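Structure, as C-alpha cells:
What follows is calculated from the coordinates using simple rules that are stated; it is not laboratory data. Since the structure is predicted, the reported quantities are computational estimates derived from the model, not experimental observations. In this analysis, Cβ positions are derived from the backbone assuming ideal geometry, glycine residues included, and neighbour counts consider all displayed protein chains.
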C-alpha cells in the first residue's frame, strides 16, 4: 500500500522546473568573429594610399555597429540569469520583456520544422531555425526598464517581435526540442490539475 501511494503521489507531482541559459561558448566564438571583422575594417584604410572622407565616415559607422554588437555579445557571455523559465505557473522568456505567461494564455506552440511562413513574414522577421513559435490568446504585456526616449524605440521593437513570439535555439544551452518537451510535460500536468476539460483546452502543440 505504501508503494502504491508513493507512486500515485509521484504521478500527481508537478514536473521539475526547467531553466535555459545562454551558452557562453557559442557567444565567445561569435565575439571573436565580430572582433576579427572589426580588425579587418580598421586596417582597410591603411591599405589605401589616399582615402576620401565619405568612405571613411561610412566605414566608421560599420565599425561602430560591429563594436556595439560585440558589446551586446559580451553582455550575454557574462549573463548568468535564466533566459527561459518553465514551471507550474507558466513560461517566462526574458527576450519578451514581459511577466511569466500562464499556460492558460497559450493557444498554439509550433516547432520551426512545422512552420510554413508567408513571404512577407519571412522577409520582415528573419529567424534562424530551430525555434519555437507561440500564439497567445492575449498579447504579452510589455514591461520596460529603459528610460525614455530609448524606451519608445525599444517598445516598438519588442511589439514587432511579440507579433510572432518565438524562442530561438541559437545561443542557448538547450535545444528547441528539449524546451518543447519540458513545455509539453508542464502543459500535460496543468491540463490534468485544472478544473477545465482537457478536450476543450485551446492549447495545441505541434512537433512535426
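For a protection proxy built on the mean count of beta-carbon atoms within 10 angstrom, sort 178-191, 154-167 highest first, please.
Values: 178-191: 18.4, 154-167: 15.7.
Result, highest mean first: 178-191, 154-167.
Please state the shape class of segment 22-78: rounded when a/c is under 1.5, otherwise prolate if a/b exceeds b/c and oblate if not, all from the C-alpha gyration tensor.
Prolate, because a/c is 1.5 or more and a/b exceeds b/c.
Counting only C-alpha contacts under 8 Å and six or more residues apart, can you give the relative contact order of segment 22-78 as a whole percent? Mind showing how you got there, number by number?
Details: 34 pairs, mean separation 38.1, N = 57.
Normalised by residue count, the contact order of segment 22-78 is 67 percent.
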